[in-house]
Amino acid sequence: MAPALLNRARVIDPIFQTDNYQLARKLLDAAALRHEAIATNIANAETPGFRRLEVAPDFAVQLKARVTAGDFVHTAGALHPVLAEDPTARSIRPDGNTVELERELLAMNRNAVEYDYLTEIVSNNLKQLKLAITGRTLT
Amino acid sequence: MLFSFPVNLIAGIDITAGALSANKTRLDIVAQNIANAQTTRTIGGGPYQRQVVSFETELIRRVAGGGSSLQGVKIGAIANDRTPGQQVYNPQHPDATADGLVTMPNVNLSYEMVDLITASRAYEANLAVVKSARQMAMKALEIGR
């Protein structure tokens, strides 16, 4: 890489290497996956014996551990959200299905708001970078 | 191997699509049951038998990194309801037996109405999922704007 380009990379990289930006990325992945889990739950709301899915709680634990340990930016790559059956959900129906439609719809709305919030964070990070480059806000 | 997108732009739309079509089939079956509530003569002989739909899960996609996989839903079976139909005394009916009894279909209109409402509510819930997924995709496209 030419020296001039290398210098520019050093200026731009820090924006993408902040904890917040990387966290937002990981949480966006998790939110997209959670939406698919909710889609699965609602699709199977009437399937006998179906147990509701959820993003595995281990993901949040790992995320927190890595942020508090520092150097999140370099260890975040290996962390992927996965799905698991919700062990806390109890069935109140004779067919053993643990999906409650109202609960899923609430979770879906909550997740959509979270997703909006995270896209906003990523957007603002990029806008700051553009402001630094051009010296003016985008219209 | 054919290249395929690992992730849809609109999250979960493949799952919801299956559920929508399964619930549509259920509505069709309800319509068929209600339409045939008085049918005493069928191709197989005897009165119409109520059809019942059962759903089963269908693997859609495994999640990278393990854990549970995403499951859609499909129609598992459309089976006959084996409950015996009600016998009505109606000697004028062309299908009446020698002692004037007619075996009516085992369709109970109240059950069908309940099924109808459940199926259409399930359909609506799945539509809400697509709507929300679409808004999320639009938000993702607005990143950096």
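Structure above, values below:
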quantity: Alpha-carbon centroids, region A:79-139 and region B:46-82: separation in whole Å; calculated: 28 Å
quantity: A:Arg136-B:Thr118 pseudo-label distance in nm [points 7 Å out on the Cα-to-Cβ vector]; calculated: 6.3 nm
quantity: GNM flexibility winner over chain A from A:Ala76, A:Ala112, A:Ala65 (Cα, springs under 10 Å); calculated: A:Ala65
quantity: Computed helical MRE - 222 nm, chain A, DSSP H runs ≥ 4 contributing -39500 (n - 2.57), nearest 500; calculated: -21500 deg cm²/dmol
quantity: D_trans [Stokes-Einstein, Kirkwood Rh over alpha-carbon pairs] for region B:1-106, 20 °C, 1.002 mPa s, µm² s⁻¹; calculated: 124 µm²/s
quantity: Residue exposure sequence - A:His74, A:His80 - by fewest surrounding Cβ within 10 Å; calculated: A:His74, A:His80
quantity: Neighbouring partner chain Cβ atoms per residue of A:48-61, average, 10 Å criterion; calculated: 2
quantity: Listed residue pairs exceeding 28 Å between alpha carbons, taken from A:Lys26/B:Lys139; A:Lys26/B:Lys131; A:Lys130/B:Lys131; A:Lys26/B:Lys24; calculated: A:Lys130/B:Lys131; A:Lys26/B:Lys24
quantity: Projected label distance in nm at B:Leu9 and B:Asn80, using a 7 Å step from Cα toward the beta-carbon; calculated: 4.9 nm
quantity: Relative contact order of region A:1-137, pairs being alpha-carbon contacts under 8 Å that are 6 or more residues apart, as %; calculated: 33 percent
quantity: Crossing angle, helix B:13-35 versus chain B [Cα axis fit, 0-90 degrees, rounded to tens]; calculated: 10 degrees
quantity: Amide proton proximity set for B:Gln51, modelled H, under 5 Å, gap of 5+; calculated: B:Asp81
quantity: Estimated dipole of region A:13-57 in Debye, rounded to 20 [Cβ of Lys and Arg +1, of Asp and Glu -1, Cα centre]; calculated: 140 debye
quantity: For region B:20-145, with +1 on Lys and Arg beta carbons and -1 on Asp and Glu, the positive-most of B:Gln135, B:Ala125, B:Ser110 along the dipole; calculated: B:Gln135
quantity: Among B:Leu20, B:Leu116, B:Leu59: highest mean-square fluctuation, GNM of chain B, C-alpha pairs under 10 Å; calculated: B:Leu59
quantity: Which of B:Val129, B:Val30, B:Val63 has the fewest Cβ neighbours within 10 Å, and the rest in rising order; calculated: B:Val63, B:Val30, B:Val129
quantity: Of B:Ala98, B:Thr57, B:Thr42, farthest towards positive along the dipole that unit charges on Lys, Arg, Asp, Glu beta carbons give region B:40-101; calculated: B:Thr57
quantity: Assigned charges on the beta-carbon of Lys, Arg, Asp, Glu; chain B dipole about Cα centre (debye); calculated: 660 debye
quantity: Max mean-square fluctuation residue, GNM over chain B, Cα-Cα springs under 10 Å, options B:Pro94, B:Pro47, B:Pro105; calculated: B:Pro94
quantity: Square roots of five times the Cα gyration tensor eigenvalues for the protein assembly as shown, Å; calculated: 55, 18, 15
quantity: FRET efficiency, 1/(1 + (r/R0)^6) with R0 30 Å, evaluated for B:Leu127 and A:Asn20 via beta carbons; calculated: 0.30
quantity: Structure-based [θ]222 nm, chain B - -39500 (n - 2.57) summed over DSSP H runs of at least 4, per residue, nearest 500; calculated: -14000 deg cm²/dmol
quantity: Exposure proxy order (Cβ contacts within 10 Å, fewest to most) of B:Ser54, B:Ser110, B:Ser21; calculated: B:Ser110, B:Ser54, B:Ser21
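Throughout, read-outs are computed from the coordinates displayed, never taken from laboratory work. Worth saying up front: this structure is predicted, and the values here are computed from it rather than measured. Counting neighbours? That spans all protein chains shown, and the Cβs are built from the backbone with ideal geometry, glycine included.
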